[in-house]
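> Quick one: the structure is below, and I'll ask about it shortly.
The values are calculated or read from the model by the stated rules, or taken from the named source; none is laboratory data. Bear in mind the structure is a predicted one, so any value in this text is a computation, not a measurement. FYI the Cβ positions are ideal-geometry reconstructions off the backbone, even for glycines, and counts take in every protein chain you see. We work out accessible area using only protein heavy atoms, side chains counted, and drop any ligands, DNA or RNA first. Shrake-Rupley method; radii C 1.70, N 1.55, O 1.52, S 1.80 Å.
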Amino acid sequence: MSNLLEVNHLAVSFSTEEGEVQVVRDVSFSLKKGETLAILGESGCGKSVLCKSILRILPENGSIKSGEVILNGENMTKLSPKSMDRVRGKEISMIFQDPMTLLNPTITIGKQIMEAVLIHQKISKSAAKKKSIELMELVGLDDAENRHAQYPHHFSGGMRQRSVIAIALACNPKVLIADEPTTALDVTIQAQILELIQEIQAKTGISIIFITHDLGVAAQLAQRIAVMYAGKIVEIGTAQDIFYDPRHPYTWGLMSSLPKIDSDEGLLNCISGMPPNLLHLPRGDAFAQRNKYALKIDYLAEPPMFKISATHSAATWLLHQDAPKVQPPVRFQGL
């Protein structure tokens, strides 16, 4: 199956008073029709900036330095701002973390969904209203006809997030980017939203990029997982590859940090140290300072992406043919 979306060697920087911050560094991945790719990593690793770069909604001090984003054979990094307005919402859309930052508190939910429909579809307002009610029903909002005339403050957090999903789906996009859409919700509502996203994908065949720092969410939703660290993808593979056969020491650290229900130990494992300053990146592998398995070459040269299998790659010198054999700290068996 051909790729619906391809990101090739993308680099994004922010200009600051202190200098240039390299937020996304030489990132490449692909997405097929109907597939869910989870982008996993701790806060500040560049996940959200990567996806905002795809939509070209970076702040004024942010810019794409190199690389390309190909959607349906069209390079979006070369499109004019007006052409990108045509692509956003219709071809690719995004769900953000906090729905209250997206919803206008002075406009009814129904009108906000209608607006998203009318921007890209030449239909009457009555047809747009009918479509918006159908979308509200699709995302599980009860009594949609009456809810259509209500304002965001009338809705609970979970209902607002469902409304935002309805807006994102208004023009039947081919790709949906979900930027930690359950972070601001309680656990029960989180589960409902995740189940809703799976149901929508099953009905529509939409492709999804799901940004998260939650290993459990990635395991539940994704067919493939990309692990990011310091602006780079350091490991990518199927969910089976990542959870049962991780190869990068950073991925080992993430997996080891999970609490074990059947363990008697009172302490949680953690990755020591802090991520590097992206304004002044260290020489070599950005993870070297936190990596207890680091080799001398890690402090001298950045590792390439080594291919482990047809579906699995990781950027660590431990995969070089001359590297010593290192066993993972624990035997990984998924979640």
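> Mind listing whichever residues of segment 202-219 are in a strand (DSSP E or B), β-branched (Val, Ile, Thr) and more than 15 Å from Phe243 (Cβ to Cβ)?
Selection gives Ile208, Ile209, Ile211.
> Taking Tyr229 as the residue in question, decide whether it is modelled with pLDDT of 95 or more, open to solvent by less than 20 Å² (accessible area, probe 1.4 Å) and among the aromatic types (Phe, Trp, Tyr).
yes
> Tell me the residue from Leu278, Leu258, Leu254, Leu268 that is assigned to a loop (DSSP other than H, G, I, E, B) and either among the small types (Gly, Ala, Ser) or crowded, with 18+ Cβ neighbours inside 10 Å (or both), please.
Leu278
> Name the residue, out of Ile177, Ile167, that is touching a residue at least 12 places away in the same chain (Cβ under 8 Å) and either open to solvent by 70 Å² or more (accessible area, probe 1.4 Å) or under 22 Å from Ser43 (Cβ atoms) (or both).
None of the other options fit; the residue is Ile177.
> On the given criteria, is Pro152 in contact with a strand residue (DSSP E or B) (Cβ under 6 Å, 6 or more places away or on another chain), buried (at least 20 other Cβ atoms within 10 Å of the Cβ) and at pLDDT 90 or above?
no
> A further question follows. Conditions: (1) over 23 Å from the mean Cα position of the chain (by Cα); (2) crowded, with 16+ Cβ neighbours inside 10 Å; (3) in a loop (DSSP other than H, G, I, E, B). Lys292 meets all but one. Number of the miss?
(2)
> Could I ask something else about it? Does segment 111-147 hold any residues that are more than 12 Å from Ala170 (Cβ to Cβ) and of a type in the set (Gly, Ala, Ser), and which are they?
Passing the criteria: Ser124, Ser126, Ala127, Gly140, Ala144.
> Okay, moving on. So which of Gln223, Gln198 ends up being modelled with pLDDT of 95 or more and either among the β-branched types (Val, Ile, Thr) or open to solvent by 50 Å² or more (accessible area, probe 1.4 Å) (or both)?
Just a single option satisfies the conditions, and that option is Gln223.
> Among Val24, Val49, which is the only one that is part of a strand (DSSP E or B) and either in contact with an Asp or Glu (Cβ under 6 Å, 6 or more places away or on another chain) or touching a residue at least 24 places away in the same chain (Cβ under 8 Å) (or both)?
Going through Val24, Val49 in turn, the sole match is Val24.
> Identify all residues within segment 167-190 that are modelled with pLDDT under 90 and not in a loop (DSSP other than H, G, I, E, B); write none if there are none.
Matches in segment 167-190: Val187, Thr188, Ile189, Gln190.
> Could I ask something else about it? Please indicate, with yes or no, whether at least one residue in segment 72-83 is surrounded by 15 or more Cβ atoms within 10 Å (Cβ to Cβ) and over 20 Å from Ile206 (Cα atoms).
The answer is yes, given that some residue of segment 72-83 is surrounded by 15 or more Cβ atoms within 10 Å (Cβ to Cβ) and over 20 Å from Ile206 (Cα atoms).
> Follow-up. Look through segment 120-149, keep the residues that are surrounded by 15 or more Cβ atoms within 10 Å (Cβ to Cβ) and β-branched (Val, Ile, Thr), and return whichever of them is farthest from Gln190 (Cα to Cα).
Step by step, filter segment 120-149, then rank; the result is Ile133.
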